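What follows is a single structure, written as structure tokens, with notes after it.
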Amino acid sequence: MSEFSWQRAVIKVGSALISPDGHQCSAKYLLAIARFITESREQGKQVIIVSSGSVAAGRSVIAHKTHPSIAEKQAMAAVGQMQMMENWSRFFDFPCAQVLLTYDDFHDRSRYVNIKNTVRELLNNNVLPIVNENDTVTTDKLKVGDNDNLSAMVAAAADADALIICSDIDGLYNKNPHDHDDAELLKKVDTIDASIYAMAGGAAEGGVGTGGMRTKIEAAEKAVSHGIDT
């Protein structure tokens, strides 16, 4: 974090940190992130959270098959959004706001302007925006699909100067560190090209995340194209 300075950041927190067991929200990893957010705000910085985990948080409440249907996932999200917001808000002594967005919100000019205006007013009033895709109403054809890319889109809309993606992996490796002991962590990527994408994999089989490293690179590419350090 000391390698660049920022005044407004989007912090994306993945499902594996929100719900490590894949069934309910947990404080295990979030307490340190919440402390960082509080300390940043005390320094006069502005923070927006993009939080995954609503489907995982609601999974234990909704009866479902091994591979849940869209309707079952949407019901999980409806339950899980409440749990996720309650889980976050307990860490803070300042107000939080839930912001649910869809793919179309970023591709309709008037709705995009509304996003910018709403986030700006929340930040001006010292409210912490907590953003997620509105999984309860979106279908696979009309959704961003992963919160890595969503976080980059939010960062651009919010005129943020930093995007921080929190995950259960240290960063981009030249090969999968779970499969290769000699995998090397790339501490800095100057140019995103085909060789960088070739190093990335998708979400882990059986995990609670949806994107994996590939969507994190996609998000970084979107963000840096807007001048946002990632």
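The values are calculated or read from the model by the stated rules, or taken from the named source; none is laboratory data. This one's a predicted model, so the numbers in the text were calculated from it and none came from an experiment. Ideal geometry is used to build each Cβ from the backbone, glycine not excepted, and the neighbour counts take in all protein chains shown. Surface areas here come from the heavy atoms of the whole protein model, side chains and all, with no ligands, DNA or RNA. Shrake-Rupley method; radii C 1.70, N 1.55, O 1.52, S 1.80 Å.
Some points to look at:
- For the chain, the tally of Lys pairs with Cα-Cα distances below 14 Å comes to 5, considering only residues 8 or more apart or on different chains.
- Under a 5 Å amide H cut-off, with hydrogens placed 1.01 Å from N, Leu101 pairs with Asn132, Glu133, Asn134 among residues at least 5 apart or on other chains.
- Of the GluC sites (Glu not before Pro) in segment 94-190, the ones in a loop by DSSP (not H, G, I, E or B) with at most 12 other beta carbons within 10 Å are Glu184.
- Antiparallel bridge percentage (DSSP; both residues within the chain; nearest 5): 5
- Placed amide H near Tyr173: partners under 5 Å, 5+ positions off or other chain: Leu186
- Accessible area expressed per residue, the chain, with surrounding protein chains retained (probe 1.4 Å, Å²): 53
- Carbon/sulfur fraction of accessible area - the chain, other protein chains in place, 1.4 Å, %: 48
- Taking a point 7 Å out from the Cα of Ala183 in the direction of its Cβ, the residues of segment 142-174 whose backbone N falls within less than 15 Å of it are 167-174.
- Under Karplus coefficients 6.51, -1.76 and 1.60, residue-wise ³J(HN,Hα) of segment 168-178 in Hz, glycine/proline x: 8, 10, 5, x, 7, 9, 6, 7, 4, x, 6
- Segment 42-92: GluC sites (Glu not before Pro) in DSSP loop, at most 13 other beta carbons within 10 Å: none
- Largest to smallest principal axis extent of the C-alpha atoms in segment 82-176, angstrom: 43, 35, 29
- Against the compact-protein benchmark of 2.2 N^0.38 Å, the Cα-based radius of gyration of the chain scales to 0.98.
- For the chain, built as a Gaussian network whose Cα springs stay under 10 Å, the top-fluctuating residue of Met85, Met76, Met199: Met199
- Modelled spin labels at Phe94 and Asp159, positioned 7 Å past Cα toward Cβ, are 1.9 nm from each other.
- From its DSSP helices (H runs of at least four residues, each -39,500 (n - 2.57)), the chain gives a residue-normalised ellipticity at 222 nm of -11500 deg cm²/dmol.
- Amide H contacts under 5 Å for Lys12, placed H, 5+ residues apart: Val50, Ile164, Ile165, Cys166
- Site pair Asn126 and Glu42 shows an inter-label distance of 1.4 nm when each label is modelled 7 Å from Cα along Cα→Cβ.
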